[in-house]
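Heads up, the thing below is written out as structure tokens.
The values are calculated or read from the model by the stated rules, or taken from the named source; none is laboratory data. Keep in mind it's a predicted model, so treat the numbers as computed, not measured. Cβ: placed from backbone, ideal geometry, glycine included. Neighbour counts: every protein chain shown.
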Amino acid sequence: MRNLTTLLLLLSVLVTHAQDYLVDLDYYLPKDVTYNPNIPTPKSIINHEVGEWHVTHDKLVQYMFALAKASDRITIENRGTTFEGRPLLLLTITSTANHSNIESIRQDHIALTEANSGSLNTSNMPVVVYQGFSIHGNEPSGSNASLVAAYYLAAAEGAKIDELLTNTVILFDPSFNPD
């Protein structure tokens, strides 16, 4: 009986102080950056803080579509479905100027594969980067990390993010394999 009482006391202390260990979105984001208040936070769509629960794929998809709707930095496409019928998304995240020239950027990058590509001027060509998260469906960290990364890329304001998005086209796959 004494062990049970001790265990219950310990559990009550842990439960009482569990809130002290929960973190909000600010914990993951740079402190010296302002964020566009018109861009939805993950919590506003998935109804819990990032990392508090493993985000379900349907909520992840819902959030990515909400970001694409709210931000002119993001376009989104559904590239197909998994064996279990879940959507496979790809976000293109870049500056609005790059979005308006995305086909030209694509053609320039294809031209880099040709033998005579040494004559191309790459100094003004944005880098194309692929970011893929969660290659296994039971990996919670990747999908949760994609929420934070996508929010940052959509909502951050200032010279650093402007420079990054001017010089980079990010192909962003929030869950490579949700099954």
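What the table below lists for this structure:
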read-out	value
Segment 137-178, residues that are under 19 Å from Gly80 (Cβ atoms) and among the acidic types (Asp, Glu)	Asp173
The one condition in (1) surrounded by 18 or more Cβ atoms within 10 Å (Cβ to Cβ); (2) not in a loop (DSSP other than H, G, I, E, B) that Val55 fails to fulfil	(2)
Tabulated pairs, segment 140-160, first at negative phi and modelled with pLDDT under 95, second surrounded by fewer than 18 Cβ atoms within 10 Å (Cβ to Cβ) and not hydroxyl-bearing (Ser, Thr, Tyr), C-beta under 6 angstrom, 6+ apart or interchain	Pro140/His54
Index of the failed condition, Asp26 passing every other in (1) outside any helix (DSSP H, G or I); (2) under 19 Å from Ile161 (Cβ atoms); (3) among the charged types (D, E, K, R)	(1)
Out of Lys43, Lys69, Lys31, sole residue that is at pLDDT 90 or above, at negative phi, surrounded by fewer than 12 Cβ atoms within 10 Å (Cβ to Cβ) and within 15 Å of the chain's Cα centre (by Cα)	Lys69
Single residue of segment 78-111 satisfying the filter (part of a loop (DSSP other than H, G, I, E, B), over 18 Å from the mean Cα position of the chain (by Cα) and surrounded by 13 or more Cβ atoms within 10 Å (Cβ to Cβ)) that is modelled with the highest pLDDT	Asn101
Total residues in segment 54-107, condition closer than 19 Å to Leu164 by Cβ and free of Cβ contacts under 8 Å to residues at least 40 places away in the same chain	7
Test: residue in segment 116-127 that is surrounded by fewer than 16 Cβ atoms within 10 Å (Cβ to Cβ), modelled with pLDDT of 95 or more and in contact with a strand residue (DSSP E or B) (Cβ under 6 Å, 6 or more places away or on another chain)	yes
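Here's the yes/no breakdown for (1) buried (at least 20 other Cβ atoms within 10 Å of the Cβ); (2) among the acidic types (Asp, Glu); (3) out of contact with any Ser or Thr (no Cβ under 9 Å at 6 or more places or on another chain):
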position	(1), (2), (3)
Phe133	yes, no, no
Pro140	no, no, no
Ser143	yes, no, no
Ala149	no, no, yes
Leu153	yes, no, no
Lys160	no, no, yes
Leu165	yes, no, no
Ile170	yes, no, no
Phe176	no, no, no
